[in-house]
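First up is the structure itself, then whatever we jot down about it.
The values are calculated or read from the model by the stated rules, or taken from the named source; none is laboratory data. Owing to the predicted nature of the structure, the values given are computational and were not obtained by experimental measurement. Virtual Cβ from ideal backbone geometry, glycine too; neighbours counted across all protein chains shown. Accessible surface areas use protein heavy atoms only, side chains included; no ligands, DNA or RNA. Shrake-Rupley method; radii C 1.70, N 1.55, O 1.52, S 1.80 Å.
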Amino acid sequence: MSASTHKLDKTIAAVRQFNRFYMRQVGALDERHLPSDLSLSEARILYEIAHRDSPTAAGIGQALFLDPGYLSRVLASFTRRGLIRKTPSSSDRREFTLGLTVNGRTLFRRLDASASREVGTMLTHVPASSRAKLVAAMWQIETILTPADSGENTIILREHGPGDIGWIIQRHGQIYTDEYGWSSHFETLVAEIAARFLRDFNPACERCWVAELNGANVGCVMLVRKTKTVAQLRLLLVESSARGHGIGARLVTECIEFARASGYRQMRLWTNDVLVSARKIYQAAGFMLVDEEEHSTFGKPLTSQTWELVL
């Protein structure tokens, strides 16, 4: 046996050992996934339908490397159970766009919240100082194993780390000046919110997420405690270069699921009417407009809006 062959065999054995360890760690060997009668593969398909823009069976099958016959049977089962709906594609009448029904979204949210709780439980055994290393190592594995010519974008959401809050302040100040012409008073407000978050941060009921696209920071959001029963969503931002990937919707979904898991009964947010894309995300997530007020705090005539969501 040559030295190169021996080295390759050792690498293969190490990868297989890691695979076995991680499958045990995340419960991939369980017959049913989380508190449901779905298998892990079925839950993964449900996740893709929830997170993709206008998903199709062909697109999901290619992304998950699934046998078309197996995927067809799963989708037929989902349809019979009232979890998904099929709409003829506008570009190809032979194809269907998939979407979750109310029952499907309810099931997905329950599974997603349970998955977050399980991972949270697993991470309680990981020192806070090691969590950033863990996430970085996972990202490295994903990046290395993704073919360079695949055309796929790697998007991850992670908790904030050193330097992230400063980045959030800087990008808010720059983007809102460039895109809306707002004054430095807005950056001052963002800095005050960020400083208060760092000073008073309670990890039991508050979070800040940073979105990365191919390893670069491209988005953020905060969820902070307003009262014992009300959580406030703050500082949602997505870089212009990263828009169109559903990152804003994913960040808002993370906030909602965390708020539910933390026992909040309501979520609230404050925004301005010119932020049309953000408003569409809030509306799609179920937020309701409850108040409007004209102001010129940031050097421009604006209409502020307060939105609420009952959890």
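Could you tell me which numbered condition Phe197 fails, if it satisfies all but one of (1) in a helix (DSSP H, G or I); (2) under 18 Å from the mean Cα position of the chain (by Cα)?
Looking at each condition in turn, Phe197 falls short on (2).
For the range 196-223, which residues satisfy the criterion of being open to solvent by 20 Å² or more (accessible area, probe 1.4 Å), of a type in the set (A, V, I, L, M) and either closer than 17 Å to Leu311 by Cα or touching a helix residue (DSSP H, G or I) at 6+ places or on another chain (Cβ under 8 Å) (or both)?
Hits for the range 196-223 are Leu198, Leu213.
Confirm whether Ser262 is open to solvent by 50 Å² or more (accessible area, probe 1.4 Å) and hydroxyl-bearing (Ser, Thr, Tyr). Spell out the reasoning first.
Working: open to solvent by 50 Å² or more (accessible area, probe 1.4 Å): no; hydroxyl-bearing (Ser, Thr, Tyr): yes.
So Ser262 fails the test.
If you take the residues of the range 273-292 that are outside any loop (DSSP other than H, G, I, E, B) and among the aliphatic types (A, V, I, L, M), which of them is farthest from Gln232 (Cα to Cα)?
Of everything passing the filter in the range 273-292, Val276 is farthest from Gln232 (Cα to Cα).
Filter the range 280-302 down to the residues that are loosely packed, with under 12 Cβ neighbours inside 10 Å and closer than 25 Å to Ser183 by Cβ and list them by number.
Asp291, Glu292, Glu293, Glu294, His295, Ser296, Pro301, listed by residue number.
Pairs please, first residue from the range 67-78 and aliphatic (A, V, I, L, M), second anywhere and part of a loop (DSSP other than H, G, I, E, B), Cβ atoms under 9 Å, 6+ apart in sequence or on different chains.
Qualifying pairs under 9 Å: Val74/Ser39; Val74/Leu66.
Filter the range 211-266 down to residues that are charged (D, E, K, R), in a loop (DSSP other than H, G, I, E, B) and under 26 Å from Leu145 (Cβ atoms), then give me how many there are. Before you say what the answer is, go through the steps one by one.
Of the residues in the range 211-266, the ones charged (D, E, K, R) are 212, 225-226, 228, 234, 239, 243, 250, 254, 257, 260, 265.
From what's left, in a loop (DSSP other than H, G, I, E, B): 226, 228, 239, 243, 265.
Then drop every residue that is not under 26 Å from Leu145 (Cβ atoms), which leaves 239.
So the answer is 1.
Just wondering, is there one or more residues in the range 144-164 that are modelled with pLDDT under 90, at negative phi and assigned to a helix (DSSP H, G or I)?
yes
Please determine whether any residue of the range 128-137 is touching a Cys at 6+ places or on another chain (Cβ under 8 Å) and modelled with pLDDT of 75 or more.
Scanning the range 128-137, I find no residue that is touching a Cys at 6+ places or on another chain (Cβ under 8 Å) and modelled with pLDDT of 75 or more, so the answer is no.
Of the conditions (1) free of Cβ contacts under 8 Å to residues at least 60 places away in the same chain; (2) open to solvent by 40 Å² or more (accessible area, probe 1.4 Å), Glu254 fails just one. Which one is it?
Single failed check for Glu254: (1).
Looking only at residues that are open to solvent by less than 70 Å² (accessible area, probe 1.4 Å), at pLDDT below 70 and touching a Lys or Arg at 6+ places or on another chain (Cβ under 9 Å) in the range 1-49, which one is farthest from Leu145 (Cα to Cα)?
Ranking the candidates gives Leu34 first.
Only one of Arg73, Arg80, Arg85 is modelled with pLDDT of 85 or more, touching a strand residue (DSSP E or B) at 6+ places or on another chain (Cβ under 8 Å) and either aromatic (Phe, Trp, Tyr) or open to solvent by 50 Å² or more (accessible area, probe 1.4 Å) (or both). Can you tell me which? Explain how you work it out, then say what you get.
Details: Arg73 fails: touching a strand residue (DSSP E or B) at 6+ places or on another chain (Cβ under 8 Å); Arg80 fails: touching a strand residue (DSSP E or B) at 6+ places or on another chain (Cβ under 8 Å).
The unique qualifying residue is Arg85.
Output the residues belonging to the range 95-119 that are free of Cβ contacts under 8 Å to residues at least 40 places away in the same chain and either part of a strand (DSSP E or B) or open to solvent by less than 40 Å² (accessible area, probe 1.4 Å) (or both).
Thr101
Quick check on this structure: which one of Ile168, Ile175 is under 23 Å from Leu302 (Cα atoms), hydrophobic (A, V, I, L, M, F, W, C), in contact with a strand residue (DSSP E or B) (Cβ under 6 Å, 6 or more places away or on another chain) and assigned to a helix (DSSP H, G or I)?
After ruling out the rest, the residue left standing is Ile168.
Consider Ala216 carefully, then state whether it is at pLDDT below 95, over 18 Å from Tyr180 (Cα atoms), more than 15 Å from the chain's Cα centre (by Cα) and of a type in the set (Gly, Ala, Ser).
Yes: the conditions hold for Ala216.
So, Glu187, is that one touching a His at 6+ places or on another chain (Cβ under 9 Å), at pLDDT 95 or above and outside any loop (DSSP other than H, G, I, E, B) or not?
For Glu187, the condition - touching a His at 6+ places or on another chain (Cβ under 9 Å), at pLDDT 95 or above and outside any loop (DSSP other than H, G, I, E, B) - is met.
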